[in-house]
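First comes the structure, then the notes that go with it.
The values are calculated or read from the model by the stated rules, or taken from the named source; none is laboratory data. Model, not experiment: these values are computed from the prediction. FYI the Cβ positions are ideal-geometry reconstructions off the backbone, even for glycines, and counts take in every protein chain you see.
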Amino acid sequence: MLKVLGRIFGKLAASHVELHASETCSECGSQLARNVEGWGERPREPLDVSQDSSPGVSPHQAAAWSCPNPDCPPQVLKRVALWASPEAMDIQGCDAAIVTQLVNRGLVRDAAEFYRLKLTEIAALDGMTKDRAQQVFDAITASMKRETWRVLVGLGIPNIGAVEAQALCKHFRSWDALFAAGRERLMKLDGVTECTARNLTHWYGDPVNRKVVTRLEKIGVNFKC
Ligand SMILES: [Zn+2]
């Protein structure tokens, strides 16, 4: 399961992972890969230590390298935090401390696992009161009915923030229509750059990602634009 959502969010998260002045990720040991601006601009390239731009050359150049492993612990945390965040599903009361505990305890590794949490599991978190646990549990349940543009943001598709997600949902009215649209049609919309259009089509072109959409739909998350 982790691998499934890992593939969805990983490419986004990788672009935000703290970069290391070494050839491998200090968190998971993966070989660092070149991090390009806007996933889909061009494929990531494996680290070539013979190049002058190897990590540590300069802050600017170092920023071009990141961990490509979607299961890297900091990336898992970022994906889960993104889903719960006010910018995405806005799960109220599910703050950074709670998200961190949920991930560290292996209770939530991807968006869908929020909706399998038991009240008793939330109540058992450090610093949690019975009332607060109930509030978080209720907020998670309520988040299934959030506007669908929030789902689009929460999935972590690069370049898709609230403005882009709202515009796309408003224009296409359904996820099927959105993902049936080709790159050229997407680019005709205001605010949709070639990179954004490419990211969308690339993302949905991956059957693993489509399976996750199906999974969230089955849970009851709102996909109606
Ligand atoms: Zn890593």
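Some points to look at:
- Matching residues in region 151-184 - criterion: being within 20 Å of K218 (Cα to Cα) and not in a helix (DSSP H, G or I): L155, G156, R173, S174
- Of the residues contained in region 192-214, none is found to be within 17 Å of E87 (Cβ to Cβ), assigned to a helix (DSSP H, G or I) and basic (K, R).
- Against the numbered list (1) under 24 Å from V99 (Cα atoms); (2) at pLDDT 90 or above, N159 comes up short only at (2).
- The conditions of being modelled with pLDDT of 90 or more, touching a helix residue (DSSP H, G or I) at 6+ places or on another chain (Cβ under 7 Å), crowded, with 21+ Cβ neighbours inside 10 Å and not charged (D, E, K, R) are met by L186.
Each row is one residue, and each column tells you yes or no for (1) in contact (Cβ under 8 Å) with a residue 60 or more places away in the chain; (2) small (G, A, S).
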residue: K78; (1), (2): yes, no
residue: L82; (1), (2): yes, no
residue: A88; (1), (2): yes, yes
residue: I91; (1), (2): no, no
residue: R105; (1), (2): no, no
residue: E113; (1), (2): yes, no
residue: K118; (1), (2): no, no
residue: I122; (1), (2): no, no
residue: L125; (1), (2): no, no
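- Criterion violated by M128 - all others in (1) loosely packed, with under 15 Cβ neighbours inside 10 Å; (2) closer than 21 Å to N104 by Cβ satisfied: (1)
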